[in-house]
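S.K.: Encoded as structure tokens, here's the structure I'll be asking about.
The values are calculated or read from the model by the stated rules, or taken from the named source; none is laboratory data. Every value quoted in this text rests on a predicted model; they were computed, and no experiment measured them. Methodologically, a virtual Cβ is constructed for each residue, glycine included, from the backbone with ideal geometry; neighbour enumeration extends over all protein chains shown. Calculation scope for accessible area: heavy atoms of the full protein, side chains included, ligands and nucleic acids excluded. Shrake-Rupley method; radii C 1.70, N 1.55, O 1.52, S 1.80 Å.
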Amino acid sequence: LNDNPSHYKITLSGTVKSPKISFDPPFLLLMPVPLDVKTETAINVIPQDYLRQSQIQVELPELELEDGDRIYPFSVQFPEGQDIVLSSDGTNKELICHISFRSSRPVSFLGNMFFIDEEEN
């Protein structure tokens with residue numbers, strides 16, 4: 001240093017990993033049940049590459065019946081919480097999600113439920 005400028009070249013490289021969520025099983029099929037009887041199943045929500053805590057929200061579908069009425073026959077529960085947490089080994093803990101369906105009116109449905117983190121991913 002001392003009036004002897006040295007030039008250093010630093011090269012940085014890296015990989016950008018975007019947070020994502022996968023599911024086990026990857027799709028859900030609920031069996032037909034009699035009217036006003038609840039059917040339920042559990043899925044594993046598998047967060048990956050989350051570097052900070054976040055929370056999962058679920059957008060449930062609204063169904064329109066033949067007479068124009070609208071119903072929300074689905075519900076979800078996270079028995080161990082909805083928080084995505086970074087564990088000490090750098091991975092994210094899986095979340096258990098219980099999805100249930102109950103309708104007092106005949107209905108069938110094929111569509112999507114959206115699982116969204118705090119940054120709307």
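S.K.: Is it the case that ARG52 is in contact (Cβ under 8 Å) with a residue 12 or more places away in the chain, touching a Leu at 6+ places or on another chain (Cβ under 8 Å) and open to solvent by 80 Å² or more (accessible area, probe 1.4 Å)?
M.R.: yes
S.K.: On to the next question. Pairs only if they're at least six apart or on different chains, beta carbon under 6 angstrom, first in segment 100-118 and open to solvent by 80 Å² or more (accessible area, probe 1.4 Å), second hydroxyl-bearing (Ser, Thr, Tyr); list them, first residue then second.
M.R.: Filtered contacts from segment 100-118: GLU118/SER54.
S.K.: Could you tell me which numbered condition ALA42 fails, if it satisfies all but one of (1) of a type in the set (Gly, Ala, Ser); (2) in contact with a Leu (Cβ under 9 Å, 6 or more places away or on another chain); (3) over 15 Å from ILE116 (Cα atoms)?
M.R.: Checking ALA42 against (1) of a type in the set (Gly, Ala, Ser); (2) in contact with a Leu (Cβ under 9 Å, 6 or more places away or on another chain); (3) over 15 Å from ILE116 (Cα atoms), the one that fails is (2).
S.K.: Further question on the same structure: Taking segment 55-66 only, how many residues are surrounded by 12 or more Cβ atoms within 10 Å (Cβ to Cβ) and either within 26 Å of SER87 (Cβ to Cβ) or free of Cβ contacts under 8 Å to residues at least 40 places away in the same chain (or both)?
M.R.: Residues flagged as surrounded by 12 or more Cβ atoms within 10 Å (Cβ to Cβ) and either within 26 Å of SER87 (Cβ to Cβ) or free of Cβ contacts under 8 Å to residues at least 40 places away in the same chain (or both) within segment 55-66 amount to 4.
S.K.: Looking only at segment 23-49, count every residue that is outside any loop (DSSP other than H, G, I, E, B) and either under 16 Å from ILE99 (Cβ atoms) or open to solvent by 50 Å² or more (accessible area, probe 1.4 Å) (or both) and tell me the total.
M.R.: 11
S.K.: Restricting to segment 67-94, and then to whatever is part of a strand (DSSP E or B) and farther than 15 Å from THR41 by Cβ, can you tell me which residue is least open to solvent (accessible area, probe 1.4 Å)?
M.R.: Filtering first and then ranking leaves ILE84.
S.K.: Here's a follow-up. Could you please give the count of residues in segment 34-54 that are touching a Phe, Trp or Tyr at 6+ places or on another chain (Cβ under 8 Å) and of a type outside the set (Ser, Thr, Tyr)?
M.R.: 6
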